[in-house]
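Comments concern the structure below.
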Amino acid sequence: MEVVSTSDNHIYDSNFDARKYLDIFYGVHPETQEIDKESIFLLTFLSNVFSSGRVKGHSFIEIGAGPSIQHILSACEVFGTIYLTDYFQGNLDEIKKWLNRENDAFNWSPYIRFVCDLENNGSSPNGKEEKIRRNVSLMKCDVTLTNPLQPNSLPLADCVLVAGCLICACKTFTDFKIALENIVSLVKPGGHLILTDYFGASYYFVGETKFPLLSLNENIVREAVVESGCKMEEFHMFKDFHLSEEVFDCKNVFCLLAQKL
């Protein structure tokens, strides 16, 4: 087992296997094709947020998307311009494989079918895939920078989402608060922040490599949202988390919706 030091800010460049991560955390049973309970919780929350009509506009940014398209499966029905960003180029390359319909791209079909059934609005898997491929652009990001998209810049977004990213990128609660302020700077006044992450997690494994995480609690998260200049609108927690601690020692998953003041 290789343990990656928390003192190395660039551990993902040389140690992270994006496809192996997808297979471990997003792989489905080949016969049932059922997605996991955590994904059902997250996708249901996002579907409800975007179908409510409260969160809308032109532009949407996901910060720290990883190699996944999961979090935009409902957003693509609302926003015509979507940016998926990540620090690690290997994650963006994995998304690009799916966008380009490459043969070895990860299969997101079970997730897309689930969201189409959830939305119950006549959306089809093929139609949703086409919207994503037509509207998504990829970009590098770094949440430790005042402008996380540096050297690029974008008009302020109607909605910014960050999912499971900050506990990977931050070492301390102070780092977390600063990173969240940097992210909120990308949201226009009156726009929305969606944050989903994990409580009580200190590590996860991808293969034999152990990646350290910042162990958050609810008080810190609520405090950071307020200090970043946002008003909390919704907060939900999922406690029925069954992934083995040999892979990930998460205690609870949370989702929140906040509006920038």
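The values are calculated or read from the model by the stated rules, or taken from the named source; none is laboratory data. None of the values given here were measured: they were computed from a predicted structure. Note that each Cβ is placed from the backbone with ideal geometry, even for glycine, and that neighbours are counted across all protein chains shown. Calculation scope for accessible area: heavy atoms of the full protein, side chains included, ligands and nucleic acids excluded. Shrake-Rupley method; radii C 1.70, N 1.55, O 1.52, S 1.80 Å.
Taking region 135-239 and the helices (runs of 4 or more DSSP H) fully enclosed by it, the elements with 1 or more residues that are basic (Lys, Arg), modelled with pLDDT of 95 or more and open to solvent by 30 Å² or more (accessible area, probe 1.4 Å) are at 173-184, 218-227. Among the helices (runs of 4 or more DSSP H) confined to region 1-107, the ones with at least 3 residues that are at pLDDT 95 or above and over 22 Å from ASN135 (Cβ atoms) are located at 18-26, 37-51. Annotation note: of ALA201, ALA163, ALA179, the sole residue that is of a type outside the set (D, E, K, R) and in contact with a His (Cβ under 7 Å, 6 or more places away or on another chain) is ALA163.
Return a yes/no flag: does region 118-131 have any residue that is of a type in the set (A, V, I, L, M, F, W, C), open to solvent by less than 50 Å² (accessible area, probe 1.4 Å), at negative phi and in contact (Cβ under 8 Å) with a residue 40 or more places away in the chain. For region 118-131, residues of a type in the set (A, V, I, L, M, F, W, C), open to solvent by less than 50 Å² (accessible area, probe 1.4 Å), at negative phi and in contact (Cβ under 8 Å) with a residue 40 or more places away in the chain: absent. Among the residues making up region 240-261, those that are touching a Cys at 6+ places or on another chain (Cβ under 9 Å) and open to solvent by 20 Å² or more (accessible area, probe 1.4 Å) are PHE241, LEU243, GLN259, LYS260, LEU261.
When you look at HIS71, is it open to solvent by 30 Å² or more (accessible area, probe 1.4 Å), within 19 Å of ILE183 (Cβ to Cβ) and not aromatic (Phe, Trp, Tyr), yes or no? Against the criterion (open to solvent by 30 Å² or more (accessible area, probe 1.4 Å), within 19 Å of ILE183 (Cβ to Cβ) and not aromatic (Phe, Trp, Tyr)), HIS71 does not qualify.
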